[in-house]
Amino acid sequence: MTELELYITTYFGVIEAKELELISELFEEATLSKGDWFLKTGKQADRLSFIKSGMLRIFVHTKDKEVTQWISTKGYFITDLSSFVLDNPARWNIQALSDTLLFSISKENYKRIGDLVPHWHQLEKLFIAKCFTMLEDRIFSHLSMSAEERYHFFYENNKELFHQVPLQYLASLLGMTPETFSRIRNKQLK
């Protein structure tokens, strides 16, 4: 199984080898240099990608600050799902934090999968359910954990990001000010 096929089955479930090969052929490798845009707010998301290497930040500008929604790394998929699936203007900016290699499928080719794989719509429902569950987990952690608990949980599961991503992005991702983030971080380093 190729790396791309592994990513597809991780998010969409078990797919027969022949069908998986057909789906994989619809993807193309793409690269982004550090600072390049994958998507900007207000534009149409025209592709879904899996990250082979590198990092992308999903964020939005509000009236008085910039809010980081997520940092996507190797193995994660990337798009503005609402824009990609529902044809809404993108809510999120997505920008490369490092040189990034992607496996990308155009929206047009994504729509073709249903013709190639008869049970695709069931697999797609599973994918959307997994996305929703991940979102529920993030909301629950923000509602039920203190800032310090969120920091510890995120650190234990994403240690490498603390050395690769500007700390103000991580603070925003965790729903805290850079000052609170620094205070908790300094406490941990003692």
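Data table
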| quantity | calculated |
| --- | --- |
| Helix-only mean residue ellipticity at 222 nm for the chain, each DSSP H run of n ≥ 4 adding -39500 (n - 2.57), per residue, nearest 500 | -14000 deg cm²/dmol |
| Percent carbon-and-sulfur accessible area, segment 5-160, ignoring ligands, DNA and RNA, probe 1.4 Å | 56 |
| GluC sites (Glu not before Pro) restricted to segment 12-50 and DSSP loop, no more than 15 other C-beta within 10 Å | 16, 25 |
| Within a Gaussian network of the chain (alpha carbon springs, distance under 10 Å), most fluctuating of 153, 12, 77 | 153 |
| Solvent accessible area, Å² - residue 34, 1.4 Å probe, full protein context | 150 |
| Rounded accessible area per residue of the chain, 1.4 Å, Å² | 57 |
| Euclidean distance of C-alpha centroids, segment 1-33 and segment 60-84, integer Å | 22 |
| Degrees between helix 178-189 axis and first principal axis of the chain (Cα, 0 to 90, nearest 10) | 80 |
| Top of 73, 133, 31 by mean-square fluctuation, Gaussian network on the chain, Cα under 10 Å | 133 |
| Entries of 40/111; 43/111; 74/130; 111/159 with Cα pairs more than 26 Å apart | 111/159 |
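The values are calculated or read from the model by the stated rules, or taken from the named source; none is laboratory data. The model shown is predicted, which means the values in this text are computed figures rather than measured ones. A quick note on method: Cβ atoms are made from the backbone with ideal geometry, for glycine too, and the neighbour counts reach across all protein chains shown. With ligands, DNA and RNA removed, areas are computed over all heavy atoms of the protein, side chains included. Shrake-Rupley method; radii C 1.70, N 1.55, O 1.52, S 1.80 Å.
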